[in-house]
Amino acid sequence: MPGTPGLTTKPWYRDITAGQWRVLLAAKLGWMLDAMDFLLYVMVINRLKAYFDFGDATAGLLGTITLLVSAAGGLFFGAIADRFGRARALIFTVLIFSLCSLGAATSQTLTQLLVWRALLGIGMGGEWASGAVLVSETWPAEHRTKAIGIMQSGWALGYILAAVISAVVLDVLSLGEEAWRWLFVVGALPAFYTLWIRRRVPEPAIWVERRRLGVPGSNPFAVLFGPILWRRTVLATLLAASVMFGNWGLFFWLPSFLATPVEQGGAGMTLLRSMGWIIPMQVGAYFGYLSFGFISDRLGRRRTFILYLSVAALLVPVYGQLARSPDVLMVLGPLLGFVGYGYFSLFGAFLAELFPTAVRATGQGFVYNAGRGLGALAPFTIGVLASMPHLGIGAALALTSAFFLAGALLILTLPDTSGRPLQA
């Protein structure tokens, strides 16, 4: 009881072992580097449009294809992680998206660029599937949501890293019209990070024990879509798809929105200047990710998730219509980043609790990445709408609000599993 002599309340982080922190660091850095490699393309869209001579619809299509293939990557590596190990799968996914970024740097045609970006999606989708389940199975149940929030915050760091590297390579160094190639070369550097994972990150004890006992495997998709789990699998996928559409529709096009001339519905900034708006937004996103677990400990996961999405739905149309007010965009940016990203911290822990160990990585990989595949239509859809006369990119972004609200409703259709032990 408070005030009782001799009794102290130990901070939550004192319960976490060095090995658990190491696993979390591995997953967070992997997600950060994954984000960096994907978003280097987002930062350089306008340069690529000029170099390969294509428009907004094609630019969005390239992003959509990468996301669609990332859905397949998540499905594939979820099954790989269940069969061969979570840490091993994480290593292979990082290698794939790193080497494919290097391949993209050699592109001579739009088709070659498309192929390399599509292959990069395989590693991108697989990284989350393996990293999230690695953390969920290693950390204690009462701190699982906080741990996933810390892991998920790596995306904001990757976004900031991509923005800074892009501004330096494209604007500061002035390497010419093919400077984008050097940007993609930088994207190959995460491959070296896999050496540390191999040495320092073990497989989760729950997975190792199941393998030691020789529990026979079954077709994971027969389990996921069997009589017991099919409903939660479908509803969770629709939930992921809704928020993915909202998020990708908004943040894929945001750098382009800031750089688009005002008369075309954008903010009319240079890439270098727009970094002053993007980085504070991603700082907001970072704290949105981190805070989700702590806020949900007080309010509950569902309420926190609904709160984040509802505020995001309100802010998006306001932000899109204030292109001529840079100071207002600067003030709203961190808040939009906070609520527009932070709700993703729900998924790693929540999805892990929905599925048993035998199909956990496959289930997480399927739901998150099938949702990503459906949400992948967003960059193309927003690109088409932005190209329409008298509409513009700012107005097109407002469509994403409906998908944020849909996600807030769909969470009510799934069980609240907060703090429960993982199924064996």
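Listing for the model above:
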{"read-out": "Residue match in the stretch 372-394 (condition: surrounded by fewer than 24 Cβ atoms within 10 Å (Cβ to Cβ), touching a Pro at 6+ places or on another chain (Cβ under 8 Å) and not charged (D, E, K, R))", "value": "no"}
{"read-out": "Given (1) free of Cβ contacts under 8 Å to residues at least 60 places away in the same chain; (2) surrounded by 21 or more Cβ atoms within 10 Å (Cβ to Cβ); (3) not small (G, A, S), number of the condition Y159 does not satisfy", "value": "(1)"}
{"read-out": "Flag for L235 being farther than 30 Å from L33 by Cβ and in contact (Cβ under 8 Å) with a residue 24 or more places away in the chain", "value": "yes"}
{"read-out": "Selection from the stretch 225-263 of residues that are crowded, with 16+ Cβ neighbours inside 10 Å, over 21 Å from S345 (Cβ atoms) and modelled with pLDDT under 90", "value": "W253, P255, S256, F257, L258, A259, T260"}
{"read-out": "Given (1) aliphatic (A, V, I, L, M); (2) surrounded by fewer than 22 Cβ atoms within 10 Å (Cβ to Cβ); (3) modelled with pLDDT under 90; (4) part of a helix (DSSP H, G or I), number of the condition L322 does not satisfy", "value": "(4)"}
{"read-out": "Residue tally, condition under 19 Å from the mean Cα position of the chain (by Cα) and either among the hydrophobic types (A, V, I, L, M, F, W, C) or not in a helix (DSSP H, G or I) (or both), over the stretch 282-307", "value": "7"}
{"read-out": "Residue satisfying condition, being part of a helix (DSSP H, G or I), modelled with pLDDT of 90 or more and either aromatic (F, W, Y) or under 19 Å from A132 (Cβ atoms) (or both), within set L29, L40, L48", "value": "L29"}
{"read-out": "Residue among G268, G288 that alone is farther than 30 Å from I148 by Cα and either of a type outside the set (A, V, I, L, M, F, W, C) or modelled with pLDDT under 65 (or both)", "value": "G268"}
{"read-out": "Test: residue in the stretch 404-424 that is among the basic types (K, R), part of a helix (DSSP H, G or I) and at pLDDT below 85", "value": "no"}
{"read-out": "Answer from E177, E203 - the residue that is outside any helix (DSSP H, G or I), farther than 18 Å from F355 by Cα and at pLDDT 90 or above", "value": "E203"}
{"read-out": "Checklist (1) under 24 Å from the mean Cα position of the chain (by Cα); (2) without any contact (Cβ under 8 Å) to a residue 24 or more places away in the chain applied to P227, failing item", "value": "(1)"}
{"read-out": "Total residues in the stretch 354-371, condition surrounded by fewer than 24 Cβ atoms within 10 Å (Cβ to Cβ) and within 18 Å of the chain's Cα centre (by Cα)", "value": "1"}
{"read-out": "Number of positions in the stretch 15-41 that are touching a Gly at 6+ places or on another chain (Cβ under 7 Å) and of a type in the set (A, V, I, L, M, F, W, C)", "value": "9"}
{"read-out": "Where F84 falls short, out of the listed (1) free of Cβ contacts under 8 Å to residues at least 12 places away in the same chain; (2) touching a Pro at 6+ places or on another chain (Cβ under 8 Å)", "value": "(2)"}
{"read-out": "Pair list, Cβ under 8 Å, 6 or more apart: the stretch 6-23 residue among the acidic types (D, E), other residue at pLDDT 85 or above and in a loop (DSSP other than H, G, I, E, B)", "value": "D15/P140"}
{"read-out": "Every pair of residues 6+ apart whose Cβ atoms lie under 9 Å, when the first sits in the stretch 280-292 and is on the phi < 0 side of the Ramachandran plot while the second is of a type in the set (D, E, K, R) and crowded, with 19+ Cβ neighbours inside 10 Å", "value": "L290/K146; F292/K146; F292/R301"}
{"read-out": "Qualifying residue in the stretch 108-122 (condition: in contact (Cβ under 8 Å) with a residue 60 or more places away in the chain, part of a helix (DSSP H, G or I) and more than 26 Å from S166 (Cβ to Cβ))", "value": "no"}
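The values are calculated or read from the model by the stated rules, or taken from the named source; none is laboratory data. The structure displayed is predicted, hence computed values, not measured ones. Don't worry about glycine lacking a Cβ; one is built from the backbone with ideal geometry, like all the others, and counts go over all protein chains shown.
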